Amino acid sequence: MATPTHEFNVEMSCTGCSGAVERVLSKLKEKVKRVEVDLINKKVFVTSSLSSDELLETIKKTGKETNYVGLKA
């Protein structure tokens, strides 16, 4: 089965913000296959075997307002 890609809205205003998101997710490197940040649209796509709740809590550690959108089609 393919690993799901989760979509999140994250309040990021600069590359420092997106870098913080990438850093916290990189700490889960065994369980996160890919992180794609769309800074313009304030979206983060995470390909991972972790649950959306686990990923959401991890991204929230940056202090950025974050919402789970759903699985990317």
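Taking the Cα centre of the chain as origin and assigning +1 to Lys and Arg Cβ atoms and -1 to Asp and Glu Cβ atoms, the resulting dipole is close to 200 debye. Given R0 = 25 Å, the distance between the Cβ atoms of T15 and K60 translates into a calculated FRET efficiency of 0.80. Calculated mean residue ellipticity, 222 nm, the chain: -8500 deg cm²/dmol, from DSSP H runs (n ≥ 4) at -39500 (n - 2.57) each, averaged per residue and rounded to 500. Normalised per residue, the accessible area of segment 5-73 is 61 Å², obtained with a 1.4 Å probe and no contribution from ligands, DNA or RNA.
Counting pairs of alpha carbon atoms under 8 Å apart in space and at least six apart in sequence, what relative contact order in percent does the chain give?
Relative contact order comes out at 48 percent.
Spacing of the modelled spin labels on V69 and D53, each 7 Å from Cα toward Cβ, amounts to 2.3 nm. Considering only C17, H6, L56, and ranking their Cα positions along the charge dipole of the chain that arises from unit charges at the beta-carbon of Lys, Arg, Asp and Glu, the one farthest toward the positive end is C17. Ligands, DNA and RNA left out, the 1.4 Å accessible surface of the chain is 50% carbon and sulfur atoms.
Each 5 Å bin, from zero up to the one with the longest distance, holds this percent of the alpha carbon pairs of the chain: 3, 19, 34, 28, 13, 3, 1. T58: accessible area at probe 1.4 Å, nearest 10 Å²? Accessible surface of T58 is approximately 10 Å². Straight-line cross-link partners of K31 among the aspartates and glutamates, defined as a Cα under 17 Å from its Cα and at least 8 positions apart when in the same chain: E7, E22, D53, E54, E57. You can think of it this way: the chain between A2 and K43 has 12.6 nm of extra reach, that is 0.36 nm per residue less the Cα-Cα gap.
The values are calculated or read from the model by the stated rules, or taken from the named source; none is laboratory data. Only a predicted model underlies this, so the values are computations on that prediction, with no experimental measurement involved. All Cβ positions, even for glycine, are placed from backbone atoms using ideal geometry, and neighbour counts span all protein chains on display. Quick note on the areas: whole protein, heavy atoms, side chains included, nothing else; ligands and nucleic acids left out. Shrake-Rupley method; radii C 1.70, N 1.55, O 1.52, S 1.80 Å.
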